[in-house]
1. Any idea which of (1) at pLDDT 90 or above; (2) over 14 Å from the mean Cα position of the chain (by Cα) is the one P166 doesn't satisfy?
2. Scan the range 145-163 for residues that are among the hydrophobic types (A, V, I, L, M, F, W, C), closer than 19 Å to R96 by Cβ and either outside any helix (DSSP H, G or I) or under 19 Å from the mean Cα position of the chain (by Cα) (or both) and report the count.
3. For the range 21-42, how many residues are part of a helix (DSSP H, G or I), open to solvent by 30 Å² or more (accessible area, probe 1.4 Å) and not basic (K, R)?
4. Residues that are in a helix (DSSP H, G or I), of a type outside the set (A, V, I, L, M, F, W, C) and closer than 30 Å to N70 by Cβ: does the range 183-191 have at least one?
5. When both residues are 6+ apart or on different chains and their Cβ atoms are under 6 Å apart, which pairs have a first residue that lies in the range 152-180 and is of a type in the set (D, E), and a second that is part of a helix (DSSP H, G or I)?
6. Just to be sure, is E194 surrounded by fewer than 18 Cβ atoms within 10 Å (Cβ to Cβ), in a helix (DSSP H, G or I) and in contact (Cβ under 8 Å) with a residue 60 or more places away in the chain?
7. For the subset of the range 48-62 comprising residues that are more than 27 Å from the chain's Cα centre (by Cα) and of a type in the set (V, I, T), which member is least open to solvent (accessible area, probe 1.4 Å)?
8. Among the residues of the range 19-45, write down those that are of a type in the set (S, T, N, Q) and at pLDDT 90 or above.
Amino acid sequence: MAGEPPEDVQHLRGDTATVRPGGRTARVREAVIDATIAELSEVGYAALRVDAVAERAGVNKTTIYRRWGNKVGLVSTALIERRGQLVPPPDTGTLRGDLIELLKEIRLGLGVPWVVALQREAGPRTEANADLYELLDRFWPARFKVSGVIFERAVERGELPAGTDPGFLLEMVSGPLYFHLLMLGRPLDDDFLERTADFILHGARARTHAPPGCRDTTTPAPR
């Protein structure tokens, strides 16, 4: 059905049955997701307790465990649903326009309380934060799948060569913003977003516009 999330995203959300819009099941689900995001924003992931989420949502904790399995399943579902509701980025008609819109979305996201809470806790992968990275490993593929649509559209329009790797480009797009804001403490103004978009575009198009006879250094030379 048009507008429904992919099956793998539905699985991550815990959609094991059809939810009747406006019904009790939908209301309970929304209350639990809202409560999870509120708790995560206030106490972070490590200190988040399913009991506290249940109390805030006004449901029995067994309802949460039955529907989402455990804390990882619950929080990853909440993150996926609240991260832009998994709606593809707007189609501006050009890759540059789409990139700038995506960068604005990332900038906005970096100021969201639950994102800030996760930033404080995330660090190198260790046994101590294995739980946190388990949920992030569920969240990022779903997020990348949706955001990567802008590069797929660019390939269809002929703005990027076939075989372009959307996941790699998304890493290249996101990295400068995280470093600029979190490491350097500098604001993410519109000029920085536009310069980042133009730099990424130049690199992404390099293979398409390489001079004749110029060897693609991304491909190993034949032996």
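1. (2)
2. Final tally of qualifying residues: 4.
3. 6
4. no
5. Pairs found: E159/L95.
6. In short, yes.
7. Taking the candidates together, the pick is V59.
8. Answer for the range 19-45, where residues must be of a type in the set (S, T, N, Q) and at pLDDT 90 or above: T36, S41.
The values are calculated or read from the model by the stated rules, or taken from the named source; none is laboratory data. Predicted, not measured: the structure shown is a model, and the values here were computed from it. No Cβ is skipped: glycine too gets one built from the backbone with ideal geometry, and neighbour counts run over all protein chains shown. For the accessible areas, the whole protein counts, side chains as well, though only heavy atoms, and no ligand, DNA or RNA atoms are used. Shrake-Rupley method; radii C 1.70, N 1.55, O 1.52, S 1.80 Å.
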